[in-house]
Amino acid sequence: MSDDEELRELRATDRVEKLVRDTAEALTPQPQLELIPVSVTPTACLDKSESLQKIVVSRAYWLRGVGRNQHMVVSRQVADFWKDQGFQVTAKNAQPDNPDLSGVTEPDKFILALTWGSGDYIYLAATSPCVWPESYR
């Protein structure tokens, strides 16, 4: 793939947004998404086989309106939705009442997560593989 064809920051950002929103739309009850502001800053690509100039983009959203007693139900819905989309569920927390999940999209290798956070809330997140920043020429 040439540099012009490789995934860049804006397309990767659109993809992570879509992954989170599509997952949230599949849930009952329908949560309200609240952006976690620290998730919008691109970070350095940690894959040493990639260029040092590449970055990863992420988005994370609190799932508001999902009570603690619904966490495990939502976790199962998320896992089922990801599997229905052809994504691989790579990890489920083995402890009861802990909704943490992670997954990977196929074939483009975006990382997905449903995670429990402080205050007894859960959030959905998606992270791109290493991509070129828009400023790269």
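The values are calculated or read from the model by the stated rules, or taken from the named source; none is laboratory data. The shown structure was predicted, so the numbers you read here are calculated from the model rather than taken from an experiment. So basically every Cβ, Gly included, is an ideal-geometry build from the backbone, and we count neighbours across all protein chains shown. Only protein heavy atoms, including side chains, enter the accessible area calculation; ligands, DNA and RNA are left aside. Shrake-Rupley method; radii C 1.70, N 1.55, O 1.52, S 1.80 Å.
So Thr105 ticks every box in (1) touching a residue at least 24 places away in the same chain (Cβ under 8 Å); (2) more than 14 Å from Val16 (Cα to Cα) but one. Which box is left unticked?
(2) is the only condition that Thr105 fails.
Kindly list the number of the only condition in (1) among the polar types (S, T, N, Q); (2) more than 22 Å from Ala26 (Cβ to Cβ); (3) touching a Phe, Trp or Tyr at 6+ places or on another chain (Cβ under 7 Å) that fails for Ser128.
It is condition (2) that Ser128 fails.
If I ask for residues that are in a loop (DSSP other than H, G, I, E, B), modelled with pLDDT of 90 or more and surrounded by 12 or more Cβ atoms within 10 Å (Cβ to Cβ), which ones from segment 1-50 would you list?
Ala26, Leu27, Gln30, Pro31, Ile36, Pro42, Cys45, Glu50 - these are the residues of segment 1-50 that are in a loop (DSSP other than H, G, I, E, B), modelled with pLDDT of 90 or more and surrounded by 12 or more Cβ atoms within 10 Å (Cβ to Cβ).
On the given criteria, is Arg64 surrounded by 13 or more Cβ atoms within 10 Å (Cβ to Cβ) and charged (D, E, K, R)? Outline the logic, then answer.
Numbers: surrounded by 13 or more Cβ atoms within 10 Å (Cβ to Cβ): no; charged (D, E, K, R): yes.
For Arg64, the condition - surrounded by 13 or more Cβ atoms within 10 Å (Cβ to Cβ) and charged (D, E, K, R) - is not met.
With segment 70-137 as the region, which strands (runs of 3 or more DSSP E) entirely inside it contain at least 3 residues that are open to solvent by 30 Å² or more (accessible area, probe 1.4 Å)? Lay out the reasoning, then the answer.
Values: elements: 88-92, 101-104, 111-117, 121-127.
Where strands (runs of 3 or more DSSP E) fall fully within segment 70-137 and carry at least 3 residues being open to solvent by 30 Å² or more (accessible area, probe 1.4 Å), they are 88-92, 111-117, 121-127.
Determine which member of the set Gln85, Gln77 is within 17 Å of Ile111 (Cβ to Cβ) and under 16 Å from the mean Cα position of the chain (by Cα). First the steps, then the outcome.
Values: Gln77 fails: within 17 Å of Ile111 (Cβ to Cβ).
Within the list Gln85, Gln77, the selection yields Gln85.
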